[in-house]
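The values are calculated or read from the model by the stated rules, or taken from the named source; none is laboratory data. Quantities reported herein were computed from a predicted structural model and do not represent experimental measurements. As a convention, Cβ positions derive from the backbone with ideal geometry for all residues, glycine included, and neighbour counts pool all protein chains shown. All accessible areas refer to the heavy atoms of the entire protein, side chains included, with ligands and DNA or RNA removed. Shrake-Rupley method; radii C 1.70, N 1.55, O 1.52, S 1.80 Å.
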Amino acid sequence: MSIFKLTAAALLLTATAARSEGPGLGQPLEASDIPFYATYVTPEGAGLPAGSGTAAQGAEIYAAKCATCHGATGSEGPVMPPVGPNDLWAKPAGSYWPYATTLFDYIRRAMPLEAPKSLSDDEVYALAAFILERNGVIDAETAMTAETLPAVKMPNHGNFLDVWAKQGAKPW
Amino acid sequence: MTRSTKDSAALDYAAGGGLLSRRMLLASAAAGGAAGLLQPRVARAEAEIPEWTKAAGARARGYGAPAEAESAVQRAIIEPWQDVAPAFSLSGTPHHKLRGTITPSGLHYEVHHGGRPDIDPARHRLMIHGLVERPLQFDLKALERYPTVTATHFLECAGNSLFNAVMPEPMQAGCDMLHGLVSNTEWTGIPMRVLMEEAGVKPEGKWVVAAGADGPSLARSIPMEKIMSDGMLALYQNGERIRPEQGYPMRLLLPGFEGNMNIKWLTSLWVTEAPVHTKDESGEYTEILADGSSLQFTFAMGVKSFITHPSATMTMSGPGFYEISGLAWTGAGKVAKVEVSADGGASWAEAALAGPVLPQALTRFSLPWHWDGSPLVLMSRATDETGAVQPPRADWKARYHASNFLHYNAIQPWQITAEGAVQNVYL
């Protein structure tokens, strides 16, 4: 037996051994059976759907669906105001978060609190635009889309230290 | 706290403030209680026969419940925005009303970002997808047939002890409010590695984005290394199915890592090359430092302890003998030692640890103490097996921005007043 064949056999053995630890009862999962919230939009924008929305459109949706919890203009709260920072919340989503893509994904999956996953993609783009514009991160004219959102430079980006990369599981 | 009278002249002191040698209790017990640890005799004219000894008891019931007289033992519920968003809540374990190390399932702490979902176990599924050879899904029936492991681990919210972290004046509240967002459970489930290997992780799969089946679909990026080393798909909590509050029908368990990452109601494991910067790892669970920069991906919980008996809101029942008792833990492994001071940190004595001391699990410590009735400050300081030591509050505060309340693990001092009141203080 050649070295190659030996290695291949060993690999196969390890693979079988590893798999044999469980009864192997997983069923095949088709891509069409995976809901959007089982993935996450990446900082590069992978996973962003088609659609678009502006800050002006977002302002109307925000007033109707978000203001009771996050404040009339986004900075009053009571819940973690997305516009700031201020004494209520030092980490406002629209200026503190390192990537703007997170706004889209989080609002789409989780907000509004009482009716998550009820917003259309256009509405979510508009709300992201509204929050970013209120924080002075984008101008009022730019619509947020799958192309423009990942290109937004967040002001606090680059101000984070990755503890896991630096020291792994050692507590800070 | 247990107490009895004792002749203080004969005591074997271990440190200031009346701390006694931890060998003392056993020695005096061996001497037949001659040292005066037995309760004084109560003279009785006629022995009372209580009515429950003169009647048949209640019939059997299918699921037991705590004694009615214990109905005040409850979680402390905090709803910071109860008028507009009651679904966001914290509930703290009442550690000052508990002993031992295992947290009763109904008193395990909760942090709900969007309420407690009502999941039909027959329709719940776990998906493993992304950078894997075979994307798979499992229902509960299939998972029940996998070999299980059992391990005891604490879970602690990164925001535990938040009031001590940020309030300018110490809040007077019990351990449920002050330190209740930590609990300890015997978990049973399937090693994550077995399920990941069945799906076949591709070499470039270095992270796993785990998501829950709750309303907000809470999601966190987790290093593959952790998932494969000791990650567990937990199905049972203290021997019974996981409670809805803790993720029924299944949750992710990552021993030692901040509670938020231990995704409840787990439905998806998406294998990726890199973390995806979910909402929680972008803001809510990041820590702003004193210089304005921030920490991201702070996973393991630091070494920590606090005294549960006596603790704030309690009143001492007069001078005399007490057992000081508390809890210690570390996300880094095992607790190595716990020291106790009864003179505000001037002197320390090592407490006894109730064995076996388990990794990433609550450890009970205790030390006998003779309180002479004068005011003093009690505190505990834990050291873990990596040599990390709990910091004083001022040192912890100096590291962070004033607003940060995450990963607070400073020493907890309790002031005992001359009147016997136990109060929260900062030192």
**Prompt:** Is one or more of the residues making up segment B:245-252 open to solvent by 20 Å² or more (accessible area, probe 1.4 Å) and more than 23 Å from B:T363 (Cα to Cα)?
**Reply:** yes
**Prompt:** B:Y109 passes all but one of (1) of a type in the set (F, W, Y); (2) over 21 Å from B:A361 (Cβ atoms); (3) touching a strand residue (DSSP E or B) at 6+ places or on another chain (Cβ under 7 Å); which number fails?
**Reply:** (2)
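Does segment B:362-380 hold any residues that are buried (at least 19 other Cβ atoms within 10 Å of the Cβ) and either aliphatic (A, V, I, L, M) or over 15 Å from B:E323 (Cα atoms) (or both), and which are they?
Keep residues of segment B:362-380 that are buried (at least 19 other Cβ atoms within 10 Å of the Cβ), which gives B:362-371, B:376, B:378-380.
Residues satisfying the conditions are B:L362, B:T363, B:L367, B:L376, B:L378, B:M379.
Tell me, which residue of segment B:336-361 that is in a loop (DSSP other than H, G, I, E, B) and open to solvent by less than 10 Å² (accessible area, probe 1.4 Å) is nearest to B:S229 (Cα to Cα)?
So in segment B:336-361, the residues in a loop (DSSP other than H, G, I, E, B) come out as B:342-348, B:351, B:354-361.
With the extra rule that they be open to solvent by less than 10 Å² (accessible area, probe 1.4 Å), the set shrinks to B:342, B:351, B:361.
On the way: B:A342: 40, B:A351: 32, B:A361: 17 Å.
The qualifying residue nearest to B:S229 (Cα to Cα) is B:A361.
Residues checked against (1) at pLDDT below 95; (2) of a type in the set (S, T, Y); (3) within 21 Å of the chain's Cα centre (by Cα):
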| position | (1), (2), (3) |
| --- | --- |
| B:L378 | no, no, yes |
| B:T383 | no, yes, yes |
| B:V389 | no, no, yes |
| B:A394 | no, no, no |
| B:K397 | no, no, no |
| B:H401 | no, no, no |
| B:N404 | no, no, yes |
| B:I411 | no, no, yes |
| B:T417 | no, yes, no |
**Asked** What are the residue pairs meeting all of these: first residue in segment A:139-167, first residue within 9 Å of another protein chain (Cβ to nearest Cβ) and under 20 Å from B:G283 (Cα atoms), second residue open to solvent by 50 Å² or more (accessible area, probe 1.4 Å) and among the β-branched types (V, I, T), Cβ atoms under 8 Å, and 6 or more apart or on different chains?
**Response** none
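Yes/no matrix, rows are residues, columns are (1) of a type in the set (A, V, I, L, M); (2) away from every other protein chain (no Cβ under 14 Å); (3) in contact (Cβ under 8 Å) with a residue 60 or more places away in the chain:
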{"residue": "B:L136", "(1), (2), (3)": "yes, no, yes"}
{"residue": "B:D139", "(1), (2), (3)": "no, no, no"}
{"residue": "B:S161", "(1), (2), (3)": "no, yes, yes"}
{"residue": "B:G174", "(1), (2), (3)": "no, yes, yes"}
{"residue": "B:V194", "(1), (2), (3)": "yes, no, no"}
{"residue": "B:K202", "(1), (2), (3)": "no, no, yes"}
{"residue": "B:K206", "(1), (2), (3)": "no, no, yes"}
**Message:** Show me the strands (runs of 3 or more DSSP E) found entirely inside segment B:48-136 where at least 2 residues are surrounded by 20 or more Cβ atoms within 10 Å (Cβ to Cβ) and touching a helix residue (DSSP H, G or I) at 6+ places or on another chain (Cβ under 6 Å).
**Reply:** B:125-130
**Message:** Anything in segment A:72-108 that is more than 22 Å from B:P80 (Cβ to Cβ), touching a Ser or Thr at 6+ places or on another chain (Cβ under 8 Å) and open to solvent by less than 30 Å² (accessible area, probe 1.4 Å)? List them, or say none.
**Reply:** A:P98, A:T101, A:T102, A:D105
**Message:** For B:L155, only one of the following conditions fails: (1) among the hydrophobic types (A, V, I, L, M, F, W, C); (2) under 16 Å from B:L254 (Cβ atoms); (3) within 14 Å of chain A (Cβ to nearest Cβ). What is its number?
**Reply:** (3)
**Asked** Of the residues that sit in segment B:230-244 and are surrounded by fewer than 21 Cβ atoms within 10 Å (Cβ to Cβ) and either touching a residue at least 12 places away in the same chain (Cβ under 8 Å) or touching a Cys at 6+ places or on another chain (Cβ under 6 Å) (or both), which one is farthest from B:T363 (Cα to Cα)?
**Response** B:P244
**Prompt:** Which residues, taken from segment A:116-138, are facing chain B (nearest Cβ under 10 Å) and without any contact (Cβ under 8 Å) to a residue 40 or more places away in the chain?
**Reply:** A:P116
**Fill in**
Note: among B:E323, B:E258, just one is of a type in the set (D, E, K, R) and within 22 Å of B:G115 (Cα to Cα), namely B:E258
**Prompt:** Does any residue in segment B:76-94 that is more than 14 Å from chain A (Cβ to nearest Cβ) come within less than 7 Å, Cβ to Cβ, of a residue that is open to solvent by less than 50 Å² (accessible area, probe 1.4 Å) and modelled with pLDDT under 95 six or more places away or on a different chain, and which pairs are these?
**Reply:** none
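When you check B:E144 against the structure, is it surrounded by 21 or more Cβ atoms within 10 Å (Cβ to Cβ) and either modelled with pLDDT of 95 or more or aliphatic (A, V, I, L, M) (or both), yes or no? Write out each step before concluding.
Working: surrounded by 21 or more Cβ atoms within 10 Å (Cβ to Cβ): no; either modelled with pLDDT of 95 or more or aliphatic (A, V, I, L, M) (or both): yes.
Considered against the rule, which asks whether it is surrounded by 21 or more Cβ atoms within 10 Å (Cβ to Cβ) and either modelled with pLDDT of 95 or more or aliphatic (A, V, I, L, M) (or both), B:E144 comes out as no.
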**Message:** Restricting to segment B:309-336, count the residues that are out of contact with any Leu (no Cβ under 6 Å at 6 or more places or on another chain) and either over 18 Å from B:V389 (Cα atoms) or modelled with pLDDT under 95 (or both).
**Reply:** 16
**Request:** Please work out which one of (1) modelled with pLDDT under 95; (2) loosely packed, with under 14 Cβ neighbours inside 10 Å; (3) assigned to a loop (DSSP other than H, G, I, E, B); (4) within 9 Å of chain B (Cβ to nearest Cβ) is the condition A:M1 fails and give its number.
**Result:** (4)
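Is segment B:286-294 home to any residue that is at pLDDT 95 or above, more than 9 Å from every other protein chain (Cβ to nearest Cβ) and open to solvent by 40 Å² or more (accessible area, probe 1.4 Å)?
yes
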**Asked** Can you tell which of B:S305, B:S311 is more than 7 Å from chain A (Cβ to nearest Cβ), in contact (Cβ under 8 Å) with a residue 12 or more places away in the chain and part of a loop (DSSP other than H, G, I, E, B)?
**Response** B:S311
